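A.B. asks: Please read through the structure below; I'll follow up with questions.
The values are calculated or read from the model by the stated rules, or taken from the named source; none is laboratory data. In this text, all values refer to a predicted model and were calculated from it rather than measured experimentally. Heads up, the Cβs are rebuilt from the backbone with ideal geometry, glycines too, and the neighbour counts pull from every protein chain shown.
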Amino acid sequence: MATTGSTTSTSATSTSPSTNLITALGVGTLDTKKLVSDLVEASRAPRQAQIDAEKKKSEVAISNVALLKSAMETLRLAANDLASVSKLNRLQITNSAPGAVGAAAGGTGVAAPGSHTLTVSKLAQTTRLASASYATAATAMSADAFTVTLTPASGSAVTVSMNAGATLNQVAAAINAKGGEITARVVNTGSQAGGSKLVLEGGSGAGKDFSVQVATGDGTVVDGFSTTLQTARDSEFTLDGMPMTRSTNVVTDALAGVTLKLAAESATAVSLGVSFDSAAVAESVQRFVDSYNLASEFIVRATGLPVTGDDVAGSLQGNSIVRTMRDQLRTILTSKSSTPTTEVQSWADLGVSLDRSGVLQFDQSKLTTAFDNKPMQAISALSANAAEPAIYTKSPSGLAGDIVVKLYAMTKSTGSIADLSTAISGRAQAITAKQTKLDAEIARLQTRYDAQYGALNSILNAFKTTQDGITAMVNANNSKN
């Protein structure tokens with residue numbers, strides 16, 4: 001019996017619940033640990049595969065929504081280049097005397113093609129006053145505290161208080177710090193004796209004359225700025241036989257759509273020729289057409305059937321938000337302008353139209369004809385003659401302007417694409433919740449199987465112990481016999 005006890009003790013010590021006792025007993029080749037693993041995996045695998053597929057689809061959709069937004073924003077920028085007077089005002093200007101007058105697209109209104117003559121009799125200028133001479137820019141204007149009083153021809157006087165011993169540089173800085181039209185600078189004349197002067201300059205035009213006085217608190221005049229270098233006056237010029245005056249040499253409202261820069265007085269008339277550069281406008285239209293087709297192709301692929309190896313195809317299949325966006329753009333492209341003219345009422349009148357496949361086509365010859373013959377009508381139909389599309393007021397903005405307004409509504413933080421992104425993000429969160437639920441269920445299943453087969457191991461362990469005891473007893477009896 002001692003042998004039996006010893007054998008039992010050794011067997012119990014060397015056998016643990018994790019031992020595969022079915023195999024150890026020789027009653028079978030079933031691996032219980034692998035069985036548990038296989039059972040758990042059999043339950044997990046199909047559900048995990050489904051979650052993984054949904055997760056990948058969600059990730060691809062999120063990525064493609066970002067691509068969709070980028071495509072729409074690119075289209076909006078392309079449309080914006082056709083949605084304002086300033087951007088459509090593409091001109092070719094001939095100039096017989098660019099040294100006397102500069103001319104370029106800009107200013108107010110829409111340019112009218114034609115020829116013009118311009119004679120400049122006087123240039124606008126500012127008043128410039130110079131102080132007395134001082135040794136250097138670091139020389140004090142007065143040993144006492146003083147006040148600089150600047151008095152414009154119209155408006156209120158401006159006073160600048162300075163401490164005793166304030167230098168020319170300090171006075172100039174204090175005047176400029178006021179931020180008014182009158183500015184100051186220190187000029188070095190190069191004179192050996194008293195080479196520095198303080199020069200004050202006002203605004204351009206006859207109405208911007210001014211005077212200045214520098215005096216101490218008791219009224220003693222420190223400097224009267226008695227040297228007048230230049231007196232303010234308006235520019236005077238004749239445009240197409242009409243005498244005109246302006247307070248500046250940059251004239252934006254004399255010739256519609258053209259900015260004139262008067263550079264020199266000229267007794268000889270300057271000839272200007274203004275025509276529209278339809279080729280430059282055509283480049284912008286082509287960019288718009290290309291941007292639309294790229295965005296449209298993306299939408300067609302994304303909302304269509306899945307294609308193996310194409311992450312875009314089918315990623316937004318059947319999505320109503322995306323389909324609505326596409327339909328809205330197509331409607332605008334095929335509708336009459338919100339600001340039509342007699343000659344230009346739709347995109348088709350400018351050579352832009354959708355073919356049967358939904359691809360936007362561009363016939364540049366139609367655009368050239370429209371801009372060469374009726375540029376002002378074309379611009380009005382495209383932009384409503386506005387400085388920019390009415391994004392916030394949503395007033396009629398023309399063919400291109402209305403597209404900009406619509407695309408802004410789609411791409412803004414509370415727009416259609418944001419709604420689409422929110423919906424897809426919601427699905428991603430639901431997938432994450434599924435994964436969490438599955439992980440918890442698998443963990444519980446693993447625990448349950450471990451417990452069940454742990455109990456089986458305990459039963460088999462006891463059976464093994466009994467078997468070993470019986471074997472030892474039989475062996476002992478056999479030895480006695």
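A.B. asks: Restricting attention to segment 130-160, report how many residues are more than 16 Å from THR220 (Cβ to Cβ) and not polar (S, T, N, Q).
C.D. replies: 12
A.B. asks: Okay, next question. Taking segment 433-481, which residues are without any contact (Cβ under 8 Å) to a residue 12 or more places away in the chain, β-branched (Val, Ile, Thr) and either closer than 27 Å to ILE51 by Cβ or outside the structural domain of GLN50 (by TED's automatic domain parsing) (or both)?
C.D. replies: Across segment 433-481, the qualifying residues are THR436, THR447.
A.B. asks: Picking from VAL281, VAL312, VAL274, VAL289, which residue would you name as being surrounded by 14 or more Cβ atoms within 10 Å (Cβ to Cβ), assigned to a loop (DSSP other than H, G, I, E, B) and either touching a residue at least 40 places away in the same chain (Cβ under 8 Å) or in the same structural domain as GLU73 (by TED's automatic domain parsing) (or both)?
C.D. replies: VAL312
A.B. asks: Can you pull out every residue in segment 77-93 that is aliphatic (A, V, I, L, M), under 18 Å from THR411 (Cα atoms) and surrounded by 17 or more Cβ atoms within 10 Å (Cβ to Cβ)?
C.D. replies: Passing the criteria: ALA78, ALA79, ALA83.
A.B. asks: Still on this structure, please answer the following. Given (1) more than 16 Å from LEU129 (Cα to Cα); (2) β-branched (Val, Ile, Thr); (3) within 46 Å of the chain's Cα centre (by Cα), identify the lone condition not met by THR167.
C.D. replies: (3)
A.B. asks: Then there is this: What residue, of SER204, SER131, SER142, is among the small types (Gly, Ala, Ser) and surrounded by fewer than 20 Cβ atoms within 10 Å (Cβ to Cβ)?
C.D. replies: Sole residue among the options that is among the small types (Gly, Ala, Ser) and surrounded by fewer than 20 Cβ atoms within 10 Å (Cβ to Cβ): SER142.
A.B. asks: Give the number of residues within segment 322-336 that are under 24 Å from LYS412 (Cβ atoms) and not in a helix (DSSP H, G or I).
C.D. replies: 1
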